[in-house]
Amino acid sequence: MKRGAKSQARSRLIVVSNRLPFAFKRGPGGNWIAEPGSGGLVTALLPVLRNRGGTWIGWPGSAGSTREFAPALTSAGSAAGYDLVAVPLDEAEVREFYHGFSNEVIWPLFHDLTSLCNFDPAYWRTYTKVNRKYAAAVAARADRGDFVWVHDYHLMNVGGDMRALATQARLGFFLHIPFPSPDVFLKLPWRKQVIRALLQYDLVGFQAARDRRNFIACIEALGEEARVEGRGTVVTVTTARGETRVGSFPISIDYNAFMRAAATAEVDEKARELHTLLPGRKLVLGIDRLDYTKGITLRLQAFQDLLVRHPDMRGKVSLIQVVVPSREDIPEYNRMKTEIEQLVGRINGEFARPGGWVPVWYEYRSLTRLELLAYYRAADIALITPLKDGMNLVAKEYCACSIEEDCVLILSEFAGAAEQLRIGALLVNPHDIEGVAEAIRTAHSMPQDERLARMRAMRRSIRRQDVFWWVDSFLRAAIARDLSDFPAPEAQAPQPPSNQLPF
Ligand code: GDG
C-alpha cells in the first residue's frame, strides 16, 4: 500500500530484512500486538523512511498467516510513519531457511568456523524458495526509481530473484556479518550461486575493507574475470554479468543518544551501586549474546591465566561476564553454555576469598537498557574478544557511554570494529590466551593520561561516523553516478541529513 500522492511521485526506500523491526506478541484477547524494536538500524532508517515514504518488508517472527498479522501491522505502521509488510513463513521454512541454511551454514562459514557447518542440500533448496518469496513480496511493491535495501545473510538471493521478476527498482545489499576469504568460502557447495546472486545488486556493502577484499578475491577464485576500478571505500567491479559497486561501510550507533542516556542520574546511580557491590577493584566487562563466535570461553581462560601467572592481580580485578540468551534451542549453544558455567565455577572455586573478592561475576540473562548503560559506565575495562565479528556494536556503545573517558577498551583484532578503533583500543588475538591476559594487565596499569587520550580518540571517531553517517554513506554510494561523486569519507564535506538524499 502506498502513502499519499506526494511520496508516490518521489522514489521511496524499501527496506528488506529477515525480521520486521517489531516484536509481535499475543494480546490478552489472542490478537497480535506489535512492539517496536529499539535497535540502531531502526533509529537510523526512521528519518529516511518517514520523509521519503517507505516500506519495511520482513518476517513477523512467528509462524502465522498474513491475515492474522494484518491489523497489528497496519496500526504499527501508521504509528511508525512507514508501511510494514509481512512475509509469512511456515514452520518448515523457519526450520530449514532460518535455523538451517542461515544459522547452520552461512553463520558459521562466514565466521570461519567450517567444522560447525551443516551443508544439508534441503536447507539450500528452502533458502532459495524463501528468498524468492521475499523477492515476490518486494517486487509487488517496488516501482521504477525506488531503492530497495536488502539486509544480511538470510536474503542474499533476493536481488537476483527480483531481477528475474524484471524489477525496475535499484537494488542494494548490506552484509552485517564478515565475508570470508576464498579458502573458507569455496567450501560452500553453492558458492557460485551465492556470488552470482550478490553480483546482481547495484551496490553491495560490507562492514570492513577486509570483507570487501575477500568478496573480490572470491569472485576471482571462482574463475570470473573481474575488473576492479576506483579507489577509496567504494569500487566498481565489472564481470561478464555486468557492473556492481562494492564498498565498505562500517555500521555504527546513535552516539549522541547513548552518550546522553549514559549521563543521566539514574544510570550514574546504578553504576555507583555496582562499584559499591564490588568495591576496591577494577571492573572488567564482557557482554555477549550466547554465541560461539564471541570467544567467551577463551576469554575466561585468559582471565584465569592472568590470576594464575600474576598472583598480584588477585583481588584487584573482577570480570563481569554477561551472557545474553540466544538460539537456546540449538544443541551447540547449550553445550557452550555448560562449558562457560563450568569454567566460571572453576575460576571462582579456585580463587574466590570467603566473604570477600569473587573473580568472576557471571549473569546469564538479558539486561534492561538502564542496566546495560550502567554496566558500560561502571566498567574500567571492556574485554571484547570475538573470534570474528562483522562489526561489534558493544565496543562502540561502551566508548560512547564512557563519558569520563577514563577507561580502556581491549578489542579482538578480528572484530570489524578494530579497523576503526585501533587508534585507541588495545588490540588482541582472542586465541592467544596469555596475550589477552597481558592486555588486561596492561589496561589495569595504564597511566591515566594514556587512558584518556586513547578513549577520546575512539569516541571522536565514533561520534563522527555514527549510524546516521552510515545510512547516508550507503545511500549516497547507491545513488552516486560516478565514483568522483563519492570521495572517501575522510574527505567528505559536511553532509545534509538523510531526508535530503536525492535518490
Ligand atoms: C550482528 C553482527 C554487527 C547486548 N546485550 C544486551 C543488549 N545488547 C545489544 C547491544 C548491541 C547488540 O545487542 C549486539 O550487537 P553486536 O554488534 O555486538 O552483535 P550481533 O548481535 O552479533 O550483531 C555484528 C551487528 O550485526 C550490526 O551490523 O555489529 O558483528 O554479528 O546493540 O547493545 N541490549 C540489551 N540488553 C542486553 O543484555 N538491552
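The values are calculated or read from the model by the stated rules, or taken from the named source; none is laboratory data. Just so we're clear, the structure is a prediction, and the values are computed from it rather than from any experiment. Cβ placement follows ideal geometry from the backbone for every residue including glycine, while neighbour counts extend to all protein chains displayed. Calculation scope for accessible area: heavy atoms of the full protein, side chains included, ligands and nucleic acids excluded. Shrake-Rupley method; radii C 1.70, N 1.55, O 1.52, S 1.80 Å.
Per-residue answers, yes or no, for (1) without any contact (Cβ under 8 Å) to a residue 12 or more places away in the chain; (2) open to solvent by less than 40 Å² (accessible area, probe 1.4 Å); (3) touching an Asp or Glu at 6+ places or on another chain (Cβ under 6 Å); (4) of a type in the set (S, T, Y):
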{"site": "V42", "(1), (2), (3), (4)": "no, yes, no, no"}
{"site": "N51", "(1), (2), (3), (4)": "no, no, no, no"}
{"site": "T55", "(1), (2), (3), (4)": "no, yes, yes, yes"}
{"site": "P60", "(1), (2), (3), (4)": "no, yes, no, no"}
{"site": "A72", "(1), (2), (3), (4)": "no, yes, no, no"}
{"site": "A76", "(1), (2), (3), (4)": "no, yes, no, no"}
{"site": "A80", "(1), (2), (3), (4)": "no, yes, no, no"}
{"site": "L84", "(1), (2), (3), (4)": "no, yes, no, no"}
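Hey, can you tell me all the residues within the range 51-71 that are modelled with pLDDT of 80 or more, of a type outside the set (F, W, Y) and under 23 Å from the mean Cα position of the chain (by Cα)?
G54, T55, I57, G58, P60, G61
Those residues that are basic (K, R) and at pLDDT below 70, I need them from the range 454-502; list them, please.
Here is the first cut: in the range 454-502, the residues basic (K, R) are 454, 456, 459-460, 463-464, 476, 481.
Answer for the range 454-502, where residues must be basic (K, R) and at pLDDT below 70: just R481.
Within the range 439-452, take every residue that is touching a residue at least 60 places away in the same chain (Cβ under 8 Å) and open to solvent by 30 Å² or more (accessible area, probe 1.4 Å) and give me the one that is farthest from A374 (Cα to Cα). Lay out the reasoning, then the answer.
Just the residues of the range 439-452 that are touching a residue at least 60 places away in the same chain (Cβ under 8 Å), to begin with: 440-441, 443-444.
This time we only want the ones that are open to solvent by 30 Å² or more (accessible area, probe 1.4 Å), so: 441, 444.
On the way: R441: 24, H444: 20 Å.
Among those that are touching a residue at least 60 places away in the same chain (Cβ under 8 Å) and open to solvent by 30 Å² or more (accessible area, probe 1.4 Å), it is R441.
Could you please give the count of residues in the range 107-127 that are free of Cβ contacts under 8 Å to residues at least 60 places away in the same chain and in contact with a Phe, Trp or Tyr (Cβ under 7 Å, 6 or more places away or on another chain)?
The number of residues fulfilling the criteria is 3.
Please report, ordered by residue number, the helices (runs of 4 or more DSSP H) entirely within the range 328-409 with at least 3 residues that are touching a Leu at 6+ places or on another chain (Cβ under 8 Å) and within 11 Å of the ligand (Cβ to nearest atom).
On the way: elements: 331-351, 369-378, 393-401.
Passing ranges, in order: 393-401.
Could you tell me which of the residues D146, D183, D211 is open to solvent by 20 Å² or more (accessible area, probe 1.4 Å) and not aliphatic (A, V, I, L, M)? Step through it out loud before you land on a result.
Details: D146 fails: open to solvent by 20 Å² or more (accessible area, probe 1.4 Å); D211 fails: open to solvent by 20 Å² or more (accessible area, probe 1.4 Å).
The match here is D183.
Residues L198, L171, L186, L203: which one is more than 16 Å from the ligand (Cβ to nearest atom) and touching an Asp or Glu at 6+ places or on another chain (Cβ under 7 Å)?
Values: L198 fails: touching an Asp or Glu at 6+ places or on another chain (Cβ under 7 Å); L186 fails: touching an Asp or Glu at 6+ places or on another chain (Cβ under 7 Å); L203 fails: touching an Asp or Glu at 6+ places or on another chain (Cβ under 7 Å).
Exactly one of L198, L171, L186, L203 is more than 16 Å from the ligand (Cβ to nearest atom) and touching an Asp or Glu at 6+ places or on another chain (Cβ under 7 Å), namely L171.
Can you tell me which residues in the range 288-311 are open to solvent by 10 Å² or more (accessible area, probe 1.4 Å) and either more than 16 Å from the ligand (Cβ to nearest atom) or in contact with a Ser or Thr (Cβ under 7 Å, 6 or more places away or on another chain) (or both)?
Passing the criteria: R289, T297, L298, Q301, Q304, D305, V308, R309, H310, P311.
I'm checking my understanding of the structure. Among residues of the range 233-250 that are within 16 Å of the ligand (Cβ to nearest atom) and open to solvent by 10 Å² or more (accessible area, probe 1.4 Å), which one is farthest from N392 (Cα to Cα)? Reasoning before the result, please.
Filtering the range 233-250 for residues within 16 Å of the ligand (Cβ to nearest atom) gives 247-250.
This time we only want the ones that are open to solvent by 10 Å² or more (accessible area, probe 1.4 Å), so: 248, 250.
Details: S248: 15, P250: 10 Å.
Across the range 233-250, the extreme among qualifying residues is S248.
Test each condition in (1) over 19 Å from the mean Cα position of the chain (by Cα); (2) within 16 Å of F474 (Cβ to Cβ); (3) aliphatic (A, V, I, L, M) for A164 and report the one that comes out false.
Condition (2) is where A164 drops out.
State whether one or more residues within the range 440-450 are modelled with pLDDT of 95 or more and within 20 Å of N256 (Cβ to Cβ).
We begin by selecting, within the range 440-450, every residue modelled with pLDDT of 95 or more; these are 440-450.
The next check asks that each one be within 20 Å of N256 (Cβ to Cβ); those that pass are none.
No: zero hits.
Can you find a residue in the range 89-104 that is under 24 Å from the mean Cα position of the chain (by Cα), surrounded by fewer than 23 Cβ atoms within 10 Å (Cβ to Cβ), farther than 19 Å from P21 by Cβ and of a type in the set (S, T, Y)?
no
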